[in-house]
Amino acid sequence: MEGRGRGRPAGPGHAEYLLVVYPNGDLRDRLLEEQQQFSSDYGLDHRLDQGQRVADHIRRNRPHITLAAFQAGEEAEDTLIRWIQRICQQHRSFEIALNNYSGIPPHTICVRVQDPEPLRDLVQQLRAVDEFIRSSGWPPVHLTGRPYLSIAGGLTEQVYNKAMPDYSRKTFHGIFRVCELVLLKRKHSFDPCNIVNVFGLKN
């Protein structure tokens, strides 16, 4: 998971957290279809362990835009929730347009966020959370500088180089309103994420 660095060693009572935005409605369904199509087209089905079906894999990796990723002690969770809630209460909901495909060499195919500024404004406010995390002895928070929505991540360079030319010719467009941020938690990088809290933005 991104955002690891020097700091307090991992151990019991700590968790990995993600603060994300979920697209909703028909757009979510279209993105799920894109993920599933990628897995089928580029032979990723074999990567799923213990006979796990592609649909189950996609359900665990619901399309999202990550704003922050960090480690923290679970005893700090209530304080983290209060910090993030205070930030979200100061921001109005806004629309995000997704427009065509891009890539992060050599491992991720993604959909571009057309105007990332509203998300970057939120990320800038989250620096206060980073200061709290650092002061508690944990590694710095990984704050997203370039928001994107992953279609397929963790790819080998070979698969990435095969897929990117195809996706550079494809088109995709969708708009959704960001009304809330969702805080997720997992104990280990390969575990499914569980929802810790949902933070509503001002209407």
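Every number here is computed from the coordinates shown, using simple stated rules; none is lab data. All of these numbers come straight from a predicted model, not from anything done at the bench. So basically every Cβ, Gly included, is an ideal-geometry build from the backbone, and we count neighbours across all protein chains shown.
So here's what we get for this one:
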| read-out | value |
| --- | --- |
| Top-ranked residue of the range 143-175 - restricted to ones that are in contact with a Lys or Arg (Cβ under 8 Å, 6 or more places away or on another chain) and over 16 Å from GLN37 (Cβ atoms), ranked as surrounded by the fewest Cβ atoms within 10 Å (Cβ to Cβ) | GLY145 |
| Output for the range 181-199, where each listed residue is free of Cβ contacts under 8 Å to residues at least 24 places away in the same chain and in a strand (DSSP E or B) | ASN194, ILE195, VAL198 |
